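Structure first, commentary second.
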Amino acid sequence: MGKDIFTIRENTLSYGRGYVYFLQYHLVWCTKYRKKVLTDGLDTECREMLQKLAEEYRFQILAMEVIPDHIHLLVDCKPQFFISDMIKIMKGNLARQMFLVHPELK
């Protein structure tokens, strides 16, 4: 399994209306019971779905690694997003989409 290599911006500030920010979160979540289900093309589908969610909800995924039993993300987002809401959006939508396409995962 090849590793994705990303160049991460260092000390790059983002500017909004009346504020300056630099927020990056390292997120990790596991599959239920740590079952190794993200294999055989499911990892690629998972990456694509997460990229679409990032575009839809306007946050940026700086680095992503999908391992058979867990996912690592480095996410850059605006201060208006609560990290708990962003995680709920990502996990909920990803699970819903994966179960629709692959009902055998339930």
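The values are calculated or read from the model by the stated rules, or taken from the named source; none is laboratory data. Model, not experiment: these values are computed from the prediction. We place every Cβ from the backbone using ideal geometry, glycine too, and count neighbours over all the protein chains shown.
For region 25-42, enumerate the residues that are surrounded by 15 or more Cβ atoms within 10 Å (Cβ to Cβ) and either over 15 Å from Phe99 (Cα atoms) or within 12 Å of the chain's Cα centre (by Cα) (or both).
Tyr25, Leu27, listed by residue number.
Look at Val101 and say whether it is in contact (Cβ under 8 Å) with a residue 40 or more places away in the chain and either acidic (Asp, Glu) or touching a Ser or Thr at 6+ places or on another chain (Cβ under 6 Å) (or both). The answer is no for Val101. Checking each residue in region 43-87 for being surrounded by 13 or more Cβ atoms within 10 Å (Cβ to Cβ), in a loop (DSSP other than H, G, I, E, B) and either among the aromatic types (Phe, Trp, Tyr) or touching a residue at least 40 places away in the same chain (Cβ under 8 Å) (or both) picks out Phe59, Cys77, Lys78, Phe81. Tyr33 satisfies every condition listed in (1) farther than 22 Å from Leu13 by Cα; (2) touching a Cys at 6+ places or on another chain (Cβ under 7 Å) except (2). Quick one: which of Val28, Val37, Val20 is out of contact with any Phe, Trp or Tyr (no Cβ under 8 Å at 6 or more places or on another chain) and at pLDDT below 90? Residue meeting the stated conditions: Val20. The residue list Lys88, Lys78, Lys52 contains one member that is in contact with a Gly (Cβ under 8 Å, 6 or more places away or on another chain) and on the phi < 0 side of the Ramachandran plot, which is Lys78.
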